[in-house]
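All remarks here apply to the structure that follows.
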Amino acid sequence: MHHGEQFRLEKLPADRSRIIYPPEPLEPIEDPDAAIREALESPIDSEPLRALLHAGMKLTIAFDDISLPLPPMRRPDIRQRVIEAVLDLAAEAGVDDVHLIAALALHRRMTEDELRHAVGDRVYDALAPRGQLYNHDAEDPDALVVLGETRHGEEVQISRRAAESDLVVYVNINLVAMDGGWKSTATGLSGYQALRHHHNPATMKKSKSFMDRHSSELHSSNWRQGEVLRNSGVKVFQIETTVNNDIYGDGPMQVLAKREWEWNLADRATFMAARAGLDRMSPPARRKVMHGWRAPYGLTSVQAGEVEAVHEVTTENVYRQQLVEVEGQTDVVLFGLPYISPYNVDSIMNPILVHCLGLGYFFNMYRGKPLVREGGVVIMSHPTAPEFNPVHHPSYIDFFEEVLVETTDPVEMEQRFEKRYADDEWYRHLYRTGNAYHGVHPFYMWYWGAHALDHVGGVIVVGGDPGTVRRLGYRPATTMADALEMASDVVGPRPSITYFKNPPLMMADVK
């Protein structure tokens, strides 16, 4: 079981426990470059990309930021392959006015190395020195424009460059079903003025799985904003890709891709050696080892064209890899939380991100109904140390020390604290000039767990720092046996137990 940057072996009651394993990796597309060219030539509900390009036009290519995929993929990144194909067509058409924008919304700015990894050295060297490749800045008033409101009164704000372009090409990596669609542009190229309309407790509570678009109010809001973008004349050519769940490949941790009963003696020895080695390392050394891993994902699909039509196909391809049919809900669900989330690439998994990964992401990895029954218990395994990266997460530190000591209620913290953090000039400065997440970002990470907090009867963290765990509003447990005993106090004796073995990522299709 993952336990942050370490591993644990746990024993569960055999007569009332089940383990849900991720599916095997799908076979990858043999020739990714040919598949990309075919998608651009034969798009869905759109003319071919080459027919949309012409000399004298203004072209903007936006792409997913450092938060995707997890862990980062080996070179060449799929974004590089797609962007190079688009630029080749643009060059053939004589398009000179091209900008590339990392669509990071309120995430931290990508570093030069991270941008090079995403788009490749050739693209970076050709465009970045001329100011044509850059991070989106959601706090630059001159670089943003409000295009109107949805029928629900939600403001729609977007990059001025994108709004004034003849064509926006969006290059996406759909790691989970939540990604892509109108969320790419309506969120990725927007700012606080528009994001506050769906990144809030009310929307999160109404989203019954972020991974099922038709049950997610978060997506409904983004789709409404997308409708305004389209009606305002913003023309988007969407390119979405999916990858398989081969995150370990032939590396030293490939044993984690196997089911435990498949382990041979060599696998057992490998796991025990890795576990002991990580336990002996200092936290910084462990972090360096874990974050240094690059996954060998294989491309499983690429589709291009009209945003919504493309996304329907993409979602089915995500489900094809990740959906696992599960019979019935459980009293207690176990999550072993790994070292990485979308918001701590090359950084520290701080306590707020532990909350977000467990209750925001893993809890929501379902279709139909949650894996754990209403009033059930979530048990998470993670050290949950009160440790923060001051460069990446400065407002998280104040959120932990100021907000969480007052309340863990998402609605109350929104009303009492959010606006001040969102408008704080120092956080704004660090976001715009450094590599800090936006001042309001820890609030959003807390809201991400609002649906789970409403649904479950309790949350227990095994092996976490007791004071930190209590500040999150959870209960600490020293061992898994203790945690299961504590869970019985909530759900009754001899509860049914489900260990949801993520990663690699999967979704429970609960019947």
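The values are calculated or read from the model by the stated rules, or taken from the named source; none is laboratory data. Fair warning: this is a prediction, and the values are worked out from it, not measured in the lab. Here the Cβ positions follow ideal geometry from the backbone for every residue, glycine too, while neighbour counts run over all protein chains shown. Surface accessibility is based on the protein's heavy atoms, side chains included, excluding ligands, DNA and RNA. Shrake-Rupley method; radii C 1.70, N 1.55, O 1.52, S 1.80 Å.
Tabulated data for the structure shown
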quantity	calculated
Filtered residue count, segment 235-258, keeping only those that are closer than 19 Å to A62 by Cβ and crowded, with 22+ Cβ neighbours inside 10 Å	7
Some residue of segment 445-452 being assigned to a loop (DSSP other than H, G, I, E, B), within 23 Å of the chain's Cα centre (by Cα) and over 18 Å from G376 (Cβ atoms)	yes
Meets criteria (in a helix (DSSP H, G or I) and buried (at least 22 other Cβ atoms within 10 Å of the Cβ)) for L115	yes
Test result for T433, over 27 Å from D137 (Cα atoms), out of contact with any Pro (no Cβ under 8 Å at 6 or more places or on another chain) and either surrounded by fewer than 17 Cβ atoms within 10 Å (Cβ to Cβ) or among the small types (G, A, S) (or both)	no
In segment 1-19, the residues that are under 16 Å from A508 (Cα atoms) and in contact with a Ser or Thr (Cβ under 6 Å, 6 or more places away or on another chain)	R18
Residue selected from segment 454-511 under the condition of a type in the set (V, I, T) and in a helix (DSSP H, G or I), by the criterion farthest from F400 (Cα to Cα)	V491
Restricting segment 362-399 to residues that are of a type in the set (F, W, Y) and closer than 19 Å to G4 by Cα, the residue that is most open to solvent (accessible area, probe 1.4 Å)	F388
Exclusive hit being over 28 Å from the mean Cα position of the chain (by Cα) and under 19 Å from T241 (Cβ atoms), set D45, D65, D88	D88
Filter result for the condition that a residue is open to solvent by 20 Å² or more (accessible area, probe 1.4 Å) and out of contact with any helix residue (DSSP H, G or I) (no Cβ under 6 Å at 6 or more places or on another chain), over S165, S216, S220, S190	S220
Near pairs, Cβ below 6 angstrom, 6+ apart or cross-chain, from segment 246-266 (more than 18 Å from M73 (Cα to Cα)) to any residue that is charged (D, E, K, R)	V255/D267
Count of residues meeting criterion [free of Cβ contacts under 8 Å to residues at least 24 places away in the same chain and crowded, with 21+ Cβ neighbours inside 10 Å] in segment 70-112	0
Odd one out for K419, checked against (1) in contact (Cβ under 8 Å) with a residue 12 or more places away in the chain; (2) assigned to a helix (DSSP H, G or I)	(1)
Subset of segment 315-354 [touching an Asp or Glu at 6+ places or on another chain (Cβ under 7 Å), open to solvent by 10 Å² or more (accessible area, probe 1.4 Å), assigned to a loop (DSSP other than H, G, I, E, B) and not aromatic (F, W, Y)]	I348
Whichever residue in segment 136-160 is aliphatic (A, V, I, L, M) and assigned to a strand (DSSP E or B) and, among such residues, is farthest from N231 (Cα to Cα)	L144
